[in-house]
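Where a number appears in this text, it was derived from the coordinates with a stated rule and is not lab data. Predicted, not measured: the structure shown is a model, and the values here were computed from it. Cβ atoms come from the backbone with ideal geometry, glycine included; neighbour counts cover every protein chain shown.
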Amino acid sequence: MFATNMISRRLIASRSPFQQIGRSPMAIRRSTNNTTTTTTTTAKDAATKSETIAAKPSSTTTTSAAEESTKSFAERNPFIFQLGVATAKTSAADIMVQVVVEKKKWNEIDLKRNGIFVVFGFAYLGGFQYWLMVNKFNKWFPTRARFATLTLGEKLKDTAGMIDALKMVAFDVFVHLPLIYFPCYYTCKEIVTGTSWNPLVWMKDGVTKYWNNKDEDCLAMIKLWGPSDCIQFSMPIHISMPFRHLVSFFWTAYVSFTRGGSNEEDNKLKRTLSVSGDSAKIEK
């Protein structure tokens, strides 16, 4: 019996580790191969996903670039486009009035007077008005951008958008034009045509002349810009400002015809008083 037990123990000890745990070496190798294959497949899937994710921004960038290339110059550069339109049309409107209405020859065009409109068109109409009616209006009237993209039928149902549009019209007609636009125009005119180098004199003389003409100017302004604003503030941003400048062509022609020229007699008298040292005050 003792010999039999010793032989059994030796047989058990002589078994391989694989046999002791009940698995053959071949089964272990297969299991290892399967694990390696699974790991490799998982790594490949992860790499493919990473490549897909990395490719998405590139695809998005390509799509954005394609969309950008299909836009017009006005859509891609709204500020620069309307700035050029504002400057060119303001000068052209004054030249048209001088040549067509006042019957001047081309060599008789008052370039100094035309300079008033070039400076005013560039700095005020193209610069300040864009800042006010695009940058500030978008903040003050938050429905504007959305309202502009709607169809006419959708606009009529959009109560909040219509209210904001009416607010913009009211602000333009009752605040911007009478309290900012006209004083700036008359002051700009004094800078170009006046004889003083004192900015306070430019402002004083400009505002005084505006005050004397305010009834006629404001009535004409409301008749034109009231209906025009109702259209402008329902249009997309990149179209609304060029549209305003187009309407402004006719407004500029009116201002050029009625307010563009300088009073030559007053200017001559001012120069005489300036040379003589007299400080007499000239009333219109």
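Tabulated values for the structure
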| quantity | calculated |
| --- | --- |
| Nearest-0.05 FRET efficiency for PHE249 and ALA170, computed from C-beta distance (R0 25 Å) | 0.55 |
| Three-way shape label, the range 121-271, alpha-carbon gyration tensor, a/c 1.5 | prolate |
| Relative packing of 245-252, 206-213, which averages over residues the other C-beta atoms within 10 Å, highest first | 245-252, 206-213 |
| Inter-probe distance in nm under a simple model that places probes 7 Å from Cα toward Cβ, at LYS155 and LEU111 | 4.4 nm |
| Förster-model FRET efficiency, 25 Å R0, VAL101 and MET203, C-beta, rounded to 0.05 | 0.25 |
| Sites CYS230 and THR258 - FRET efficiency at Förster radius 22 Å, r taken between beta-carbons, to 0.05 | 0.35 |
| Unsatisfied cross-links (Cα-Cα over 22 Å) in the set LYS139/LYS167; LYS89/LYS189; LYS89/LYS209; LYS167/LYS223; LYS112/LYS209 | LYS89/LYS209 |
